[in-house]
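The values are calculated or read from the model by the stated rules, or taken from the named source; none is laboratory data. Because the structure is a prediction, the values reported are computed rather than measured. Glycine also receives a Cβ, built like all others from the backbone with ideal geometry; neighbour counts cover every protein chain displayed.
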Amino acid sequence: MAPTIIQEPTAYWSGTRLTNLNRRTFTLLQEMDRLTGAQRALICDPRGTPLAIWHLEAFPLSREEAGRVGACLANLFAAFQGHTFREIEIAFEDRLVYARTLGNAFLAVVCARDTALSLVRMTCNVAAAPFETDKELQSNLSPGQKTDIGMRLG
């Protein structure tokens, strides 16, 4: 399995709250190992702060870099106020970025440009289901705001 960087303990993320988050993010990101063409993936809170990072050895991704990517994607979701959507696809010369909401978080996957987007979408949708339906985790991801990121930001 490729390296996975999980959330470290903080004043907010500790104890069973942290254990549940890390279990769910790790399980979701494990699926990226099965996705041919995937190079990097990250799970972020609504502000774009990385909660967990996955990458292939050949494509390392530090927490700082992931934070910059997460912040850009959070801003992109927020730029479309008044519109409801759950996913974003961005094509570059040599890679593809697919991002989708996870309730009160979002997932971003960076793939080789020739990766089948339908396979990326299907893999992410299946892997995301346990994360999205964990009510306790969703509540912890957005304290004081019990609203879906796709509805709030989209």
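Miscellaneous remarks
- Only a single criterion out of (1) out of contact with any Phe, Trp or Tyr (no Cβ under 8 Å at 6 or more places or on another chain); (2) at pLDDT below 90 is not satisfied by Phe77, namely (1).
- Complete set of residues in region 89-110 that are part of a loop (DSSP other than H, G, I, E, B) and either surrounded by 21 or more Cβ atoms within 10 Å (Cβ to Cβ) or touching a residue at least 24 places away in the same chain (Cβ under 8 Å) (or both): Leu102, Gly103, Asn104, Ala105
- Taking the criterion of being in contact (Cβ under 8 Å) with a residue 40 or more places away in the chain, touching a Ser or Thr at 6+ places or on another chain (Cβ under 9 Å) and farther than 13 Å from Leu137 by Cα, the residues of region 1-28 that qualify are Thr4, Ile5, Ile6, Gln7.
- Qualifying positions in region 111-120 - among the hydrophobic types (A, V, I, L, M, F, W, C) and not in a strand (DSSP E or B): Ala116, Leu117, Leu119, Val120
- Among residues of region 121-139 that are farther than 14 Å from Leu21 by Cβ, those with a Cβ under 6 angstrom from a residue that is surrounded by fewer than 18 Cβ atoms within 10 Å (Cβ to Cβ), sequence gap 6+ or separate chain, pair up as Thr123/Glu31; Ala127/Glu31.
- For region 1-51, the candidate set comprises residues that are part of a strand (DSSP E or B) and of a type outside the set (A, V, I, L, M); within that set, the residue that is surrounded by the fewest Cβ atoms within 10 Å (Cβ to Cβ) is Thr4.
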